[in-house]
Amino acid sequence: MKSRPENFTIVIFGAGSDLAARKLFPSIYELYRWGHMPEAWRLIGVGRAGQTHEAFRSYVLTRVMEISPETIDDRQRFEEFCERFFYVNTDLDHTDGYYALYNEIMNTRGEPGVCSNILFYLSTPPSLAPVIVNNLVRAGLGGREHSCPGWRKIVMEKPFGQDLKSAHELNRMLEAAFDEGQIYRIDHYLGKEPVQNIMVFRFSNGMFEPLWNRQYIQQVQITIAEEFGIRGRGAYYEESGLLRDIVQNHGLQLLAAVAMEPPVELSPDAIRDEKCKVLKSVRLFDRESIHKSVVTGQYEGYRDEKGVASDSKVETCASVKFMVDNWRWSGVPFFMKAGKSLARTVTEIVITFRCPPQNFYGEHGTAACTPNQVILGIQPDETVAIRFGTKRPGEEMVTDPVYMKFDYRTSFSEKGLTPYHRLLLDAIDGNQMNFIRRDSVERSWMIVDSIRDALDGTAPDTYPVHSWGPESGVRIYE
């Protein structure tokens, strides 16, 4: 087990949010239960709910019992845990409340170090980020302030802007208040155990690295599919759409993990350097290439969802062919399909290898070949499978595809950390490896903006619920 971190305070803006109740409070409690929290720490919730400290503690207990009752192993211990919770009532738009927050942070109640180290967590709509950061600076709580010695960190949930221009402005504003080394842009996908395993799989196994290039790999397919729709988030989705919601962050981060070069060392910046190099090599889109490279869709019934315009042209599905123009991947297509209300919920990466130059074992004398594949399952199954050909029993020399599969659930007795366990720990420890750096954010927006500009308002094709998207999507694979 790692040594305990320094004493600190975590400040959660939007402490009454669904994210805080479903992910943050249960994860922090389990880290506390497992011995990952320091001797002295506290949590300050910030919001406009008009609560006392005691009411806030009661609220946290009630919400966690409703959503994650299995988390509370011992009611008395959880209540003792909640004794470290405090609340500051404020309208996030008004600076005055931030002075009250400052006073609460400085009220250490005799516990050493808790005012020295502060982790701000923005569990709020992204539009509030500039307001919160500017008010922190006015109240003397910005990352560049030295009113109290120690570290300052700020964690931000996606989306990091709505396009390249807004992302650049957001980053400019953030870096006026915090150094880049203090900013933790969170994408929960990067905390998933199978995503963590991609680098280990690639760089610790000598049998794959020599083949991981354009000479041996024919194509890569990344699927991020959900069988459910937008789940009442009509207003949000009307502003974002699938390209902004999924492709710009989860999708391109998975592509970068598969395609990156070996880092010079296992340091956060060395790894993030290589991921950013991949993103800078992704070919941008224009009006000439868009028809053959991108198909967008909208599931039937989307326009009937609450908060959705009756004539909406927002995409809920996208199939994209990315080309990575560098030495390793030149000419290899990276296909990505992401969407809502698709046939099933699955996130996986399929690396398909080129066939041998001649196949002697095709059925009935045909030259058909079943390509070898490496299949990286991210969710719901956390697996790695290898597909290869083997002889079918019988007199004929014919091959059938078979699979060798590794499954996290059956191969290890230890329970892995959830994404929020891992990412909260990393933020507390100051490890930025699994957080997205400014240059990668802005390059990802440049790629997605080029798609949106080339589409130029083209209406998405409709597709039936629980299908694999519009039939027109097959053209990008041709």
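The values are calculated or read from the model by the stated rules, or taken from the named source; none is laboratory data. Being a predicted model, the structure only gives us computed values, none of them experimental. Positions of Cβ are generated from backbone atoms using ideal geometry, with glycine treated the same way; all protein chains shown enter the neighbour counts.
Annotations for the structure displayed:
- Residue ranges of helices (runs of 4 or more DSSP H) in region 70-175 with at least 1 members in contact (Cβ under 8 Å) with a residue 60 or more places away in the chain: 96-106, 129-138
Each row is one residue, and each column tells you yes or no for (1) over 16 Å from residue 45 (Cα atoms); (2) outside the structural domain of residue 21 (by TED's automatic domain parsing); (3) not small (Gly, Ala, Ser).
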{"position": "70", "(1), (2), (3)": "yes, no, yes"}
{"position": "78", "(1), (2), (3)": "yes, no, yes"}
{"position": "86", "(1), (2), (3)": "no, no, yes"}
{"position": "91", "(1), (2), (3)": "no, no, yes"}
{"position": "98", "(1), (2), (3)": "no, no, yes"}
{"position": "106", "(1), (2), (3)": "no, no, yes"}
{"position": "122", "(1), (2), (3)": "no, no, yes"}
{"position": "127", "(1), (2), (3)": "yes, no, no"}
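- Residue list for region 1-22, restricted to those being surrounded by fewer than 22 Cβ atoms within 10 Å (Cβ to Cβ), part of a helix (DSSP H, G or I) and touching a residue at least 60 places away in the same chain (Cβ under 8 Å): 19
- Whichever residue in region 245-267 is in a helix (DSSP H, G or I) and small (Gly, Ala, Ser) and, among such residues, is surrounded by the most Cβ atoms within 10 Å (Cβ to Cβ): 251
- Conditions (1) at pLDDT below 95; (2) under 35 Å from the mean Cα position of the chain (by Cα); (3) not in a strand (DSSP E or B); number of the one not met by residue 402: (3)
- Screening region 219-242 for residues that are surrounded by fewer than 16 Cβ atoms within 10 Å (Cβ to Cβ) and aromatic (Phe, Trp, Tyr) and picking the one that is modelled with the lowest pLDDT gives 236.
- Among the residues of region 37-77, the ones that are surrounded by fewer than 20 Cβ atoms within 10 Å (Cβ to Cβ) and out of contact with any Ser or Thr (no Cβ under 7 Å at 6 or more places or on another chain) come to 27 in all.
- Considering 454, 459, the condition of being outside any loop (DSSP other than H, G, I, E, B), out of contact with any strand residue (DSSP E or B) (no Cβ under 7 Å at 6 or more places or on another chain), small (Gly, Ala, Ser) and over 24 Å from residue 218 (Cα atoms) is satisfied by 454 alone.
- Contact map, region 399-410: residues that are farther than 14 Å from residue 371 by Cβ paired with residues that are part of a helix (DSSP H, G or I), Cβ distance under 9 Å, separation 6+ or inter-chain. Pairs shown: 408/193; 408/194; 408/197.
- Of all residues in region 199-217, one or more are hydroxyl-bearing (Ser, Thr, Tyr) and in contact (Cβ under 8 Å) with a residue 24 or more places away in the chain.
- Residue in region 237-244 that is on the phi > 0 side of the Ramachandran plot and in a helix (DSSP H, G or I) present: yes
- Subset tally (residues that are within 23 Å of residue 243 (Cα to Cα), assigned to a helix (DSSP H, G or I) and not aromatic (Phe, Trp, Tyr)) for region 176-193: 3
- Of residues in region 156-202 being β-branched (Val, Ile, Thr) and buried (at least 21 other Cβ atoms within 10 Å of the Cβ), the one nearest to residue 135 (Cα to Cα): 183
- Across region 372-391, the number of residues qualifying as more than 25 Å from the chain's Cα centre (by Cα) and either not assigned by TED's automatic domain parsing to the domain that holds residue 348 or not in a strand (DSSP E or B) (or both) comes to 1.
- Per-region count, region 270-320, residues closer than 23 Å to residue 191 by Cβ and in contact (Cβ under 8 Å) with a residue 60 or more places away in the chain: 5
- Members of region 23-69 that are part of a loop (DSSP other than H, G, I, E, B) and polar (S, T, N, Q): 51, 52, 68
- Single residue of region 327-361 satisfying the filter (of a type in the set (A, V, I, L, M) and in a loop (DSSP other than H, G, I, E, B)) that is surrounded by the most Cβ atoms within 10 Å (Cβ to Cβ): 332
- Pick from region 203-218, criterion within 16 Å of residue 376 (Cα to Cα) and aromatic (Phe, Trp, Tyr), ranking: surrounded by the most Cβ atoms within 10 Å (Cβ to Cβ): 212
- Subset of region 268-304 [among the polar types (S, T, N, Q) and either assigned to a helix (DSSP H, G or I) or crowded, with 22+ Cβ neighbours inside 10 Å (or both)]: 281, 293, 296, 298
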